There are 2 protein chains.
Amino acid sequence: MNKIDHIGIAVKDLEKSNELFAKLLGTPHYKIEEVESEKVKTSFFKTGASKIELVEARNPESAIAMFIEKRGEGMHHIAFEVDDIEKEIERLKAEGFVPTGSGKPFCGADNKLVIFFHPKTTNGVLIELCQEIK
Amino acid sequence: MNKIDHIGIAVKDLEKSNELFAKLLGTPHYKIEEVESEKVKTSFFKTGASKIELVEARNPESAIAMFIEKRGEGMHHIAFEVDDIEKEIERLKAEGFVPTGSGKPFCGADNKLVIFFHPKTTNGVLIELCQEIK
């Protein structure tokens, strides 16, 4: 784990939240990206060497829509940058952490190969690993 | 806002969670600190230029105990490092954000002057500002 790549925040209305976080962080978002695989629309803000990612559901069946329905808007996941995602997945599985879905990395937002680990194995925190696709 | 200083995670049992996060992050915590003003015990892990702070309630009346009772363990706040906390408080108040408590910065963990902003004004995310005490 090299660093915190980003913190994912679930929001209901990306446009409104982009305005809110621009005021909060003192800087506007620098990109917007739709992620078909996750049925979400995202925006990114730079903060030091890390990013804030706002995530809006584009479909009531997306995990973000279900999260907001259950818990309301707020912090959704922490993503850590790794150099070798396959190696890190094996290390974490050997330590007892449980990946979500198929357990295989897939293409996420921001040109990254990503995987999530189940919050039940990590004190309620949804953990993402991400590796830049070169 | 210079960078993400740390992410605060509310945990029930600091000792057990220290073990868990050492496995997750691949590095042990580097310090433990009791914060009397907040009725909590904290531990810190380095990750790049930021930190993960685990926070355990030392008293059933602490905000952390109430958070866990309501929402379970998990992400509690995002802390941003600032150079001039008084100036940043004024800027955020002018933008409509609402500080918690007295609205004055106080001594938090990690030798920092800190203040929190109410999650109701920030899409459900509890925001901390922190400035190093020199």
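The values are calculated or read from the model by the stated rules, or taken from the named source; none is laboratory data. On a predicted model such as this, the values are computed, not experimentally measured, just so you know. Note that we place each Cβ from the backbone using ideal geometry, even for glycine, and neighbour counts take in every protein chain shown. Note: accessible area is taken over every heavy atom of the protein model, side chains too, but ligands, DNA and RNA are not part of it. Shrake-Rupley method; radii C 1.70, N 1.55, O 1.52, S 1.80 Å.
With label points set 7 Å from Cα along Cα→Cβ, the inter-copy distances at A:ASN59 are 4.9 nm, sorted shortest first.
So if I place +1 on the C-beta of Lys and Arg and -1 on the C-beta of Asp and Glu, and nothing else carries charge, what would the dipole magnitude of the protein assembly as shown be about its Cα centre? I want it in debye, nearest 20. Don't skip to the answer; put the middle values down first.
Values: 38 positive and 46 negative charges, 46 e Å.
The dipole magnitude comes to about 220 debye.
Mean silhouette area of chain A, derived from the convex hull of its C-alpha atoms and averaged over all directions, reads 8.0 nm².
Given contacts defined as C-alpha pairs under 8 Å and at least six residues apart, what's the relative contact order of the stretch A:14-54, whole-number percent?
Working: 52 pairs, mean separation 13.8, N = 41.
Reported relative contact order: 34 percent.
Between the listed residues A:MET66, A:PHE80, A:ALA10, the Cα displaced farthest toward the positive end of the dipole of the protein assembly as shown, a dipole computed from Cβ unit charges relative to the Cα centre, is found at A:MET66. Taking a ≥ b ≥ c as the square roots of the eigenvalues of the Cα gyration tensor, the stretch B:63-134 is oblate, since a/c reaches 1.5 or more and a/b is not larger than b/c.
Contact order for chain B, expressed relative to its length and based on alpha carbon pairs under 8 Å spaced 6+ residues apart, stands at 26 percent. Taking label positions 7 Å along the Cα-Cβ direction at both B:ILE133 and B:MET66, the computed distance is 2.4 nm, reported to one decimal. For A:GLU36, inter-copy separations between label points set 7 Å beyond Cα along the Cβ vector come to 6.0 nm, shortest first.
Does a label point 7 Å from the Cα of B:LYS120, set along Cα-to-beta-carbon, have any residues of the stretch B:37-75 with amide nitrogen under 19 Å, and which are they? So the set is B:63-64, B:66-68, B:70-71.
Over the stretch B:8-134, give the accessible area per residue in Å² for a 1.4 Å probe, as an integer. Let's see the in-between values first.
On the way: 6270 Å² over 127 residues.
Per residue, the stretch B:8-134 has 49 Å² of solvent-accessible surface.
For the stretch B:1-64, give the share of DSSP beta bridges that are antiparallel, in percent and rounded to the nearest 5; count only bridges with both residues there.
Values: 13 of 19 bridges.
Rounded to the nearest five, the antiparallel share is 70 percent.
In terms of its C-alpha gyration tensor, the stretch A:1-77 has a prolate overall shape, because the principal axis ratio a/c (a ≥ b ≥ c, square roots of the eigenvalues) is not below 1.5 and a/b outweighs b/c. Buried accessible surface for the A/B pair, both sides summed and rounded to the nearest 100, is 3200 Å² with a 1.4 Å probe. The two copies B and A are related by a rotation, and the chain B beta carbon nearest its axis, with distance in whole angstrom, is B:MET75, 2.
Share of antiparallel DSSP beta bridges in chain A, in percent to the nearest 5? Let's see the in-between values first.
On the way: 29 of 39 bridges.
Beta bridges within chain A, antiparallel portion: roughly 75 percent.
Take the alpha carbon gyration tensor of the protein assembly as shown, find the square roots of its eigenvalues, order them as a ≥ b ≥ c, and report rounded if a/c is under 1.5; if not, report prolate when a/b exceeds b/c, else oblate. Display every interim value, and only then the final one.
Working: a/c = 1.56, a/b = 1.17, b/c = 1.34.
Cα axes put the protein assembly as shown in the oblate bin.
Distance from the Cα centroid of the stretch A:50-115 to that of the stretch B:43-91 is 22 Å (rounded to whole angstrom). Per-residue 3J(HN,Hα) values for the stretch B:107-123, derived from phi via the Karplus relation 6.51 cos²θ - 1.76 cosθ + 1.60 with θ = phi - 60°, read 6, x, 6, 6, 6, 10, 8, 9, 8, 10, 10, 4, x, 5, 9, 9, 6 Hz in sequence order (x marks Gly and Pro). Of all aspartates and glutamates in the structure, those lying under 14 Å Cα to Cα from B:LYS41, and not within fewer than 8 positions of it along the same chain, are B:ASP13, B:GLU15, B:GLU33, B:GLU53, B:GLU56, B:GLU61, B:ASP110. With both bridge residues required to lie in the protein assembly as shown, what share of the DSSP beta bridges run antiparallel, to the nearest 5%? Just about 75 percent of them are antiparallel. Per the Kirkwood formula on distinct C-alpha pairs, the Rh of the stretch A:1-44 is how many angstrom? Evaluated on the stretch A:1-44, it is 11.7 Å.
Distances between copies at A:ARG91, taken between label points 7 Å from Cα along the C-beta direction, are 3.6 nm in increasing order. Please report the carbon-and-sulfur percent of the accessible area for chain B; probe 1.4 Å, protein heavy atoms only, DNA, RNA and ligands left out. It is 49 percent, rounded to a whole number. Basic side chains Lys and Arg get +1 at the Cβ, acidic Asp and Glu get -1 at the Cβ, and with that the dipole of the stretch A:51-134 about its Cα centre reaches some 220 debye. Cross-linked pairs A:LYS112/B:LYS23; A:LYS23/A:LYS51; B:LYS3/B:LYS70: Cα-Cα separations exceed 27 Å for B:LYS3/B:LYS70.
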